[in-house]
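Take a look at the structure set out below.
The values are calculated or read from the model by the stated rules, or taken from the named source; none is laboratory data. Quantities reported herein were computed from a predicted structural model and do not represent experimental measurements. A quick note on method: Cβ atoms are made from the backbone with ideal geometry, for glycine too, and the neighbour counts reach across all protein chains shown. Side chains are part of the model used for accessible areas, which takes the heavy atoms of the whole protein and leaves out ligands, DNA and RNA. Shrake-Rupley method; radii C 1.70, N 1.55, O 1.52, S 1.80 Å.
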Amino acid sequence: MAAPPVDSLNALREIARALSRTLDRASAIARVVELLEDELGTLAATVALFDPSSGELVVEAASGLARDAARRVRFRSGEGINGRVFDSGRPVVLPDAGKEPLFLDRSGLLAAARKRRRELAYACVAIPGGKRPAGTVGVAFPREGRDPEEVAAVLEIAATMLGQALRAHGR
């Protein structure tokens, strides 16, 4: 069964609304993650922010992952897809995440999908910050019926809006 098409404009409109409706950073980020799942049909979404005290990317909000799995997911600079996107500032699109050795699958999402005989695509983009990215946004979604490049384009715009909101909140 093919996934419904992505309604890019509606997804971006809802993300913009969510970011403009609250001054609470954590609530705004959590709502963006929910909207990525609802509007883009992702199976999992994460926002990981750079923590200067540890020097790592730390998952700030996640959907589609067990709460304990999300809490323990961290990436060092250059580590895995998220770490490389953070270092380079360039998006990465994996039409088949299962074939990419740099996809670390720390959350177990890929392993669970394999058990269900599902193939996953993955897109990860940097959240613009000042001189370096503030973090990354990553989404996993069913390969069937989705254009990974379109998902990544929507994700880049959403990450830009999120970066602006983070700067407005003093991050």
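Note down the net charge around Glu56, summing +1 for each Lys or Arg and -1 for each Asp or Glu among other residues with Cβ under 15 Å from its Cβ. Residues close to Glu56 contribute a combined charge of +3. Averaged per residue, the chain has 51 square angstrom of accessible surface, using a 1.4 angstrom probe with ligands and nucleic acids left out.
Averaging the sequence gap over all C-alpha pairs within less than 8 Å and six or more residues apart, then dividing by the number of residues, gives the stretch 25-171 a relative contact order of 23 percent. Placing pseudo-labels 7 Å out from each Cα toward the beta carbon at Arg25 and Asp96 gives an inter-label distance of 4.0 nm. Only protein atoms count toward the accessible area here, which uses a 1.4 Å probe; on the stretch 1-60, the carbon and sulfur part of that area reaches 53 percent. In this calculation the C-beta distance from Ala16 to Arg132 is compared with R0 = 41 Å, giving a FRET efficiency of 0.95. Taking R0 as 35 Å, what FRET efficiency do you get between Ser8 and Glu79 from their Cβ-Cβ distance, rounded to the nearest 0.05? Calculated transfer efficiency: 0.70. With Cα atoms as the point set, the radius of gyration and Dmax of the chain evaluate to 14.7, 46 Å. Only helical runs count toward this figure. For the chain, summing -39,500 (n - 2.57) over DSSP H runs of n ≥ 4 and dividing by all residues gives -13000 deg cm²/dmol at 222 nm.
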